[in-house]
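Right, I'll just put the structure down here and ask away after.
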Amino acid sequence: MITLTRLNGKSFTLNAIYIEQIEAFPDTTITLTNGKKFVVRESEKEVVELVKEFYQQISILGVSKNVEGQDHE
């Protein structure tokens, strides 16, 4: 889950797994797989970073870690 801010300043939590598309119109618009759209204050780049961090937390994205001098992928 990622926490975002609506244009009215209210924050909300979104399950990033359902994000299909992130665009800047110039406001950042997130489209979910069900077609629902959210317009947020965060930039497109910020949303992408939040999604990437979320995927890493739940081990969807492989992360190379250096443990005791060995690289693991």
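The values are calculated or read from the model by the stated rules, or taken from the named source; none is laboratory data. Every value quoted in this text rests on a predicted model; they were computed, and no experiment measured them. Quick reminder, even Gly has a Cβ in these numbers, built from the backbone with ideal geometry, and neighbours come from all protein chains shown.
Which of the residues spanning the range 11-29 are surrounded by 14 or more Cβ atoms within 10 Å (Cβ to Cβ) and either closer than 14 Å to Met1 by Cα or touching a Pro at 6+ places or on another chain (Cβ under 6 Å) (or both)?
Within the range 11-29, Leu14, Ala16, Ile19 meet the criteria.
Okay, moving on. Of everything in the range 33-73, what is in a loop (DSSP other than H, G, I, E, B), within 18 Å of Glu20 (Cβ to Cβ) and at pLDDT 95 or above? Give them in sequence order.
Result: Thr33, Asn34, Gly35, Lys36, Glu42.
Now for a different question. Kindly establish whether Ile30 is in contact with a strand residue (DSSP E or B) (Cβ under 7 Å, 6 or more places away or on another chain), not in a loop (DSSP other than H, G, I, E, B) and not aromatic (Phe, Trp, Tyr). It would help to see each step written out before you state the result.
Numbers: in contact with a strand residue (DSSP E or B) (Cβ under 7 Å, 6 or more places away or on another chain): yes; not in a loop (DSSP other than H, G, I, E, B): yes; not aromatic (Phe, Trp, Tyr): yes.
Judged against the criteria, Ile30 is a match.
Take Phe38 and tell me if it is surrounded by 14 or more Cβ atoms within 10 Å (Cβ to Cβ), more than 24 Å from Ser59 (Cβ to Cβ) and not hydroxyl-bearing (Ser, Thr, Tyr).
Details: surrounded by 14 or more Cβ atoms within 10 Å (Cβ to Cβ): yes; more than 24 Å from Ser59 (Cβ to Cβ): yes; not hydroxyl-bearing (Ser, Thr, Tyr): yes.
The answer is yes for Phe38.
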